[in-house]
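Each remark here refers to the structure printed beneath this line.
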Amino acid sequence: MSPFTEKYNIHTHSFYCGHGSGTISDYFREGLRQGLETLGFSEHCPFPDGFLSRSRMDYGMRTSYESDVRSLKGGAMTVALGYECDYFPKYKAYFEDLRGSVDYLITGTHFIIRPDGSRVSPFSDRLTQDDLLRYRDQLLAALDTGLFDCIAHPDLYMAGYSDWDETAQGIAREIISAAVSRDLPLEVNANGLLKPRPFGRVPYPYGPFFDLVHELGAPVFLSTDAHKVANLVRNRDVIEDFARSRRLRLLRPSFPDGQLCWTASEGTWRGEGETLTACGVAERQ
Ligand SMILES: [Zn+2]
Ligand SMILES: [Zn+2]
(Lines give C-alpha, C1' and ligand atoms only; values in the text may rest on other atoms or scores of the structure.)
(Ligands and ions follow the chains in the order given, each with its own letter.)
Protein backbone atom coordinates (compact mmCIF):
# COMPACT_ATOMS: atom_id res chain seq x y z
CA MET A 1 0.00 0.00 0.00
CA SER A 2 1.31 3.45 -0.86
CA PRO A 3 1.98 5.71 2.12
CA PHE A 4 -0.28 8.53 0.96
CA THR A 5 -3.21 9.30 3.25
CA GLU A 6 -5.55 11.28 1.00
CA LYS A 7 -7.43 8.38 -0.58
CA TYR A 8 -8.94 9.91 -3.67
CA ASN A 9 -8.14 10.73 -7.25
CA ILE A 10 -10.58 12.72 -9.32
CA HIS A 11 -8.26 13.60 -12.20
CA THR A 12 -8.06 10.37 -14.18
CA HIS A 13 -7.89 9.63 -17.91
CA SER A 14 -8.25 6.39 -19.89
CA PHE A 15 -7.97 5.04 -23.44
CA TYR A 16 -10.90 7.32 -24.30
CA CYS A 17 -8.68 10.41 -24.54
CA GLY A 18 -6.68 8.98 -27.43
CA HIS A 19 -3.32 9.55 -25.72
CA GLY A 20 -3.93 7.33 -22.68
CA SER A 21 -4.50 3.63 -22.06
CA GLY A 22 -6.60 1.39 -19.83
CA THR A 23 -10.34 0.90 -19.71
CA ILE A 24 -12.62 2.48 -17.12
CA SER A 25 -12.96 -0.96 -15.47
CA ASP A 26 -9.17 -1.35 -15.33
CA TYR A 27 -8.89 1.89 -13.36
CA PHE A 28 -11.77 0.86 -11.12
CA ARG A 29 -10.01 -2.37 -10.18
CA GLU A 30 -6.73 -0.55 -9.57
CA GLY A 31 -8.50 2.05 -7.43
CA LEU A 32 -9.94 -0.68 -5.23
CA ARG A 33 -6.57 -2.40 -5.05
CA GLN A 34 -4.92 0.83 -3.91
CA GLY A 35 -7.56 1.47 -1.27
CA LEU A 36 -9.02 4.60 -2.82
CA GLU A 37 -12.24 5.86 -1.27
CA THR A 38 -13.12 8.07 -4.22
CA LEU A 39 -12.22 7.70 -7.88
CA GLY A 40 -13.32 10.33 -10.38
CA PHE A 41 -12.94 10.12 -14.14
CA SER A 42 -12.14 13.36 -15.92
CA GLU A 43 -11.66 12.66 -19.59
CA HIS A 44 -10.58 15.58 -21.75
CA CYS A 45 -13.80 17.23 -22.73
CA PRO A 46 -14.69 16.80 -26.42
CA PHE A 47 -16.26 19.65 -28.38
CA PRO A 48 -19.38 19.07 -30.50
CA ASP A 49 -17.67 20.52 -33.58
CA GLY A 50 -14.49 18.48 -33.19
CA PHE A 51 -12.34 21.39 -31.95
CA LEU A 52 -9.02 20.13 -30.49
CA SER A 53 -10.07 16.60 -31.42
CA ARG A 54 -6.50 15.46 -32.01
CA SER A 55 -5.87 15.49 -28.25
CA ARG A 56 -9.19 14.13 -26.97
CA MET A 57 -11.86 11.58 -27.65
CA ASP A 58 -14.33 12.00 -30.47
CA TYR A 59 -17.51 13.71 -29.43
CA GLY A 60 -19.39 10.63 -30.58
CA MET A 61 -17.81 8.59 -27.78
CA ARG A 62 -19.28 10.73 -25.02
CA THR A 63 -22.21 8.42 -24.43
CA SER A 64 -20.02 5.35 -24.24
CA TYR A 65 -17.58 7.03 -21.82
CA GLU A 66 -20.34 8.31 -19.56
CA SER A 67 -22.20 4.99 -19.45
CA ASP A 68 -18.95 3.10 -18.72
CA VAL A 69 -18.37 5.29 -15.66
CA ARG A 70 -22.00 5.28 -14.56
CA SER A 71 -22.09 1.49 -14.72
CA LEU A 72 -19.51 1.34 -11.90
CA LYS A 73 -21.56 3.23 -9.35
CA GLY A 74 -22.66 1.54 -6.17
CA GLY A 75 -19.48 -0.28 -5.16
CA ALA A 76 -17.27 0.11 -2.08
CA MET A 77 -15.47 3.02 -3.69
CA THR A 78 -17.31 6.16 -4.72
CA VAL A 79 -17.02 6.61 -8.48
CA ALA A 80 -17.71 9.99 -10.04
CA LEU A 81 -18.16 11.19 -13.58
CA GLY A 82 -16.52 14.36 -14.79
CA TYR A 83 -14.53 16.06 -17.50
CA GLU A 84 -11.38 18.14 -17.68
CA CYS A 85 -12.22 21.12 -19.86
CA ASP A 86 -10.42 23.79 -21.79
CA TYR A 87 -12.90 26.64 -21.67
CA PHE A 88 -13.63 28.97 -24.57
CA PRO A 89 -16.51 31.47 -24.39
CA LYS A 90 -18.08 30.40 -27.68
CA TYR A 91 -18.88 27.02 -26.07
CA LYS A 92 -20.42 28.44 -22.90
CA ALA A 93 -23.91 27.03 -23.56
CA TYR A 94 -22.38 23.62 -24.25
CA PHE A 95 -20.52 23.66 -20.93
CA GLU A 96 -23.65 24.72 -19.06
CA ASP A 97 -25.46 21.76 -20.52
CA LEU A 98 -22.55 19.43 -19.82
CA ARG A 99 -22.31 20.54 -16.18
CA GLY A 100 -25.89 19.42 -15.68
CA SER A 101 -25.16 15.87 -16.84
CA VAL A 102 -22.05 15.06 -14.78
CA ASP A 103 -20.86 15.14 -11.15
CA TYR A 104 -18.11 17.70 -11.61
CA LEU A 105 -16.04 19.65 -14.10
CA ILE A 106 -12.36 20.50 -13.83
CA THR A 107 -11.00 23.36 -15.88
CA GLY A 108 -7.46 23.49 -17.15
CA THR A 109 -5.80 25.53 -19.87
CA HIS A 110 -3.78 23.32 -22.21
CA PHE A 111 -3.87 25.53 -25.30
CA ILE A 112 -3.24 29.24 -25.57
CA ILE A 113 -4.89 30.98 -28.49
CA ARG A 114 -2.81 33.76 -30.04
CA PRO A 115 -4.44 36.79 -31.71
CA ASP A 116 -3.82 35.36 -35.20
CA GLY A 117 -5.84 32.26 -34.24
CA SER A 118 -2.85 29.94 -33.91
CA ARG A 119 -2.41 28.03 -30.68
CA VAL A 120 0.53 27.08 -28.53
CA SER A 121 0.80 24.70 -25.60
CA PRO A 122 2.98 24.84 -22.48
CA PHE A 123 3.66 21.13 -23.06
CA SER A 124 5.38 21.65 -26.38
CA ASP A 125 6.12 25.32 -26.93
CA ARG A 126 8.23 28.05 -25.37
CA LEU A 127 5.81 30.68 -24.16
CA THR A 128 6.25 34.43 -24.43
CA GLN A 129 5.21 36.93 -21.77
CA ASP A 130 2.14 37.71 -23.88
CA ASP A 131 1.29 34.00 -23.94
CA LEU A 132 1.34 34.01 -20.15
CA LEU A 133 -1.12 36.90 -20.07
CA ARG A 134 -3.38 35.01 -22.49
CA TYR A 135 -3.12 31.89 -20.33
CA ARG A 136 -4.28 33.98 -17.38
CA ASP A 137 -7.14 35.53 -19.34
CA GLN A 138 -8.38 32.17 -20.62
CA LEU A 139 -8.24 30.55 -17.19
CA LEU A 140 -9.93 33.48 -15.44
CA ALA A 141 -12.68 33.50 -18.07
CA ALA A 142 -13.36 29.86 -17.17
CA LEU A 143 -13.55 30.67 -13.45
CA ASP A 144 -15.91 33.56 -14.13
CA THR A 145 -18.51 31.16 -15.51
CA GLY A 146 -18.98 29.45 -12.13
CA LEU A 147 -19.28 26.14 -13.99
CA PHE A 148 -16.07 24.56 -12.74
CA ASP A 149 -15.36 22.84 -9.43
CA CYS A 150 -11.59 23.07 -9.35
CA ILE A 151 -8.55 24.07 -11.38
CA ALA A 152 -6.15 21.56 -12.95
CA HIS A 153 -2.42 22.29 -12.93
CA PRO A 154 -2.80 26.08 -12.51
CA ASP A 155 1.00 26.39 -12.75
CA LEU A 156 1.18 24.61 -16.12
CA TYR A 157 2.44 27.76 -17.84
CA MET A 158 5.77 27.24 -16.03
CA ALA A 159 6.25 24.11 -18.18
CA GLY A 160 6.77 26.41 -21.16
CA TYR A 161 8.41 29.39 -19.48
CA SER A 162 11.85 29.44 -17.91
CA ASP A 163 11.93 32.34 -15.46
CA TRP A 164 10.00 33.08 -12.32
CA ASP A 165 9.99 36.72 -13.31
CA GLU A 166 7.59 39.55 -12.58
CA THR A 167 5.13 38.42 -15.25
CA ALA A 168 5.11 34.82 -14.07
CA GLN A 169 4.66 35.87 -10.45
CA GLY A 170 2.04 38.44 -11.32
CA ILE A 171 -0.22 36.02 -13.11
CA ALA A 172 0.30 33.47 -10.33
CA ARG A 173 -1.05 36.01 -7.85
CA GLU A 174 -4.04 36.76 -10.04
CA ILE A 175 -4.93 33.11 -10.58
CA ILE A 176 -4.46 32.22 -6.93
CA SER A 177 -6.44 35.24 -5.73
CA ALA A 178 -9.28 34.32 -8.09
CA ALA A 179 -9.28 30.80 -6.64
CA VAL A 180 -9.39 32.17 -3.09
CA SER A 181 -12.29 34.49 -3.80
CA ARG A 182 -14.29 31.66 -5.38
CA ASP A 183 -13.24 28.91 -2.91
CA LEU A 184 -11.99 26.84 -5.83
CA PRO A 185 -9.15 24.48 -5.01
CA LEU A 186 -5.98 24.49 -7.08
CA GLU A 187 -4.49 21.18 -8.10
CA VAL A 188 -1.08 19.84 -7.15
CA ASN A 189 -0.56 17.58 -10.17
CA ALA A 190 1.81 14.62 -9.98
CA ASN A 191 1.89 14.05 -13.73
CA GLY A 192 4.42 16.86 -14.16
CA LEU A 193 6.95 14.74 -12.30
CA LEU A 194 6.88 12.32 -15.25
CA LYS A 195 7.26 14.98 -17.96
CA PRO A 196 10.39 16.17 -19.81
CA ARG A 197 12.38 18.91 -18.05
CA PRO A 198 13.29 21.45 -20.72
CA PHE A 199 14.54 23.95 -18.14
CA GLY A 200 16.35 21.41 -15.98
CA ARG A 201 13.61 21.31 -13.37
CA VAL A 202 10.27 19.64 -12.82
CA PRO A 203 7.86 21.58 -15.09
CA TYR A 204 5.03 21.27 -12.55
CA PRO A 205 4.12 21.30 -9.74
CA TYR A 206 6.27 24.41 -9.56
CA GLY A 207 7.46 25.12 -6.02
CA PRO A 208 7.53 28.93 -6.06
CA PHE A 209 3.96 29.00 -7.41
CA PHE A 210 2.77 26.92 -4.47
CA ASP A 211 4.77 29.02 -2.01
CA LEU A 212 2.49 31.83 -3.18
CA VAL A 213 -0.53 29.53 -2.80
CA HIS A 214 0.45 29.14 0.84
CA GLU A 215 1.01 32.87 1.28
CA LEU A 216 -2.40 33.73 -0.16
CA GLY A 217 -4.19 30.88 1.63
CA ALA A 218 -5.76 29.18 -1.37
CA PRO A 219 -7.11 25.64 -1.00
CA VAL A 220 -5.54 22.76 -2.93
CA PHE A 221 -6.25 19.16 -3.89
CA LEU A 222 -3.98 16.35 -5.07
CA SER A 223 -4.13 14.42 -8.36
CA THR A 224 -2.04 12.04 -10.37
CA ASP A 225 -3.70 12.97 -13.69
CA ALA A 226 -3.06 9.33 -14.62
CA HIS A 227 -3.10 8.42 -18.31
CA LYS A 228 -2.30 4.77 -17.67
CA VAL A 229 -3.43 2.39 -14.96
CA ALA A 230 0.04 1.93 -13.47
CA ASN A 231 0.10 5.67 -12.70
CA LEU A 232 -3.20 5.88 -10.83
CA VAL A 233 -1.49 6.59 -7.50
CA ARG A 234 2.07 7.07 -8.74
CA ASN A 235 3.89 9.84 -6.85
CA ARG A 236 0.87 10.53 -4.68
CA ASP A 237 3.17 10.34 -1.65
CA VAL A 238 5.55 12.83 -3.27
CA ILE A 239 2.91 15.47 -3.93
CA GLU A 240 1.28 14.93 -0.56
CA ASP A 241 4.68 15.71 1.00
CA PHE A 242 4.99 18.66 -1.38
CA ALA A 243 1.67 20.05 -0.12
CA ARG A 244 2.13 19.28 3.58
CA SER A 245 5.67 20.63 3.72
CA ARG A 246 4.33 23.93 2.39
CA ARG A 247 1.44 23.82 4.86
CA LEU A 248 -1.08 24.14 2.07
CA ARG A 249 -4.81 23.98 2.81
CA LEU A 250 -5.70 20.50 1.62
CA LEU A 251 -9.28 19.81 0.63
CA ARG A 252 -10.69 16.43 -0.28
CA PRO A 253 -13.62 15.70 -2.56
CA SER A 254 -16.82 13.90 -1.69
CA PHE A 255 -20.03 13.35 -3.61
CA PRO A 256 -22.81 13.28 -1.01
CA ASP A 257 -25.62 13.96 -3.47
CA GLY A 258 -23.80 12.94 -6.60
CA GLN A 259 -22.23 16.40 -6.86
CA LEU A 260 -18.73 17.39 -5.87
CA CYS A 261 -18.28 18.93 -2.44
CA TRP A 262 -14.99 19.85 -0.84
CA THR A 263 -14.16 19.25 2.81
CA ALA A 264 -11.02 20.12 4.72
CA SER A 265 -8.48 17.39 5.32
CA GLU A 266 -7.63 16.95 8.98
CA GLY A 267 -4.76 18.86 10.39
CA THR A 268 -4.37 21.20 7.49
CA TRP A 269 -7.06 23.78 7.98
CA ARG A 270 -5.62 27.18 8.73
CA GLY A 271 -6.97 29.63 11.23
CA GLU A 272 -9.15 29.25 14.29
CA GLY A 273 -11.95 31.34 12.85
CA GLU A 274 -12.74 29.04 9.97
CA THR A 275 -15.44 26.42 9.97
CA LEU A 276 -16.94 24.35 7.23
CA THR A 277 -20.35 24.53 5.71
CA ALA A 278 -22.33 21.33 5.24
CA CYS A 279 -20.90 21.09 1.78
CA GLY A 280 -17.39 21.73 2.82
CA VAL A 281 -16.25 25.07 1.49
CA ALA A 282 -14.70 27.57 3.84
CA GLU A 283 -16.92 29.97 5.69
CA ARG A 284 -15.06 32.74 7.41
CA GLN A 285 -16.63 33.99 10.61
ZN1 LIG B 1 -4.60 18.64 -17.98
ZN1 LIG C 1 -5.62 15.57 -17.24
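The values are calculated or read from the model by the stated rules, or taken from the named source; none is laboratory data. Everything numeric in this text was worked out from a predicted model, so none of it was measured. Heads up, the Cβs are rebuilt from the backbone with ideal geometry, glycines too, and the neighbour counts pull from every protein chain shown. These accessible areas exclude ligands, DNA and RNA; they are computed on the full protein's heavy atoms, side chains included. Shrake-Rupley method; radii C 1.70, N 1.55, O 1.52, S 1.80 Å.
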On average, how much accessible surface per residue is there in region 8-284, in Å², for a 1.4 Å probe, leaving out ligands, DNA and RNA? 40 Å²
Note, ³J(HN,Hα) from phi for region 242-255, Karplus 6.51, -1.76, 1.60, rounded to Hz, x at Gly and Pro: 4, 6, 5, 5, 8, 6, 7, 7, 7, 10, 10, x, 9, 10
Given the options ALA168, ALA76, ALA141, state which has the largest fluctuation in a GNM of the chain using a 10 Å cut-off (strictly under) for Cα springs. ALA76
5 Å binning of all Cα-Cα separations within region 8-284, expressed as whole percents from 0 upward: 1, 6, 13, 18, 20, 18, 14, 7, 2, 0, 0
With Cα springs under 10 Å, the Gaussian network model of the chain assigns the largest mean-square fluctuation among GLU96, GLU166, GLU174 to GLU166
Could you size up the charge dipole of region 146-212 around its Cα centre, putting +1 on the beta carbon of Lys and Arg and -1 on that of Asp and Glu, and report it in debye to the nearest 20? 240 debye
So which residue, out of LEU32, LEU232, LEU143, gets the largest mean-square fluctuation from a GNM of the chain using Cα contacts under 10 Å as springs? LEU32
Give the relative contact order (percent, whole number) for the chain; include only Cα pairs under 8 Å separated by 6+ residues. 17 percent
Looks like region 195-257, by Cα gyration tensor root eigenvalues a ≥ b ≥ c and the a/c under 1.5 rounded cutoff (else prolate when a/b is bigger than b/c, oblate otherwise), is oblate
May I ask you to evaluate 6.51 cos²θ - 1.76 cosθ + 1.60, the Karplus curve with θ = phi - 60°, for each residue of region 154-166 and list the ³J(HN,Hα) values in order in whole Hz, giving x for glycine and proline? x, 8, 4, 4, 6, 6, x, 9, 7, 9, 8, 8, 4
Share of accessible surface on carbon and sulfur in region 8-284, whole %, 1.4 Å probe and ligands ignored, is 48 percent
Using unit Cβ charges (K, R positive; D, E negative) and no other charged atoms, how large, in debye to the nearest 20, is the dipole of region 8-284 about its Cα centre? 500 debye
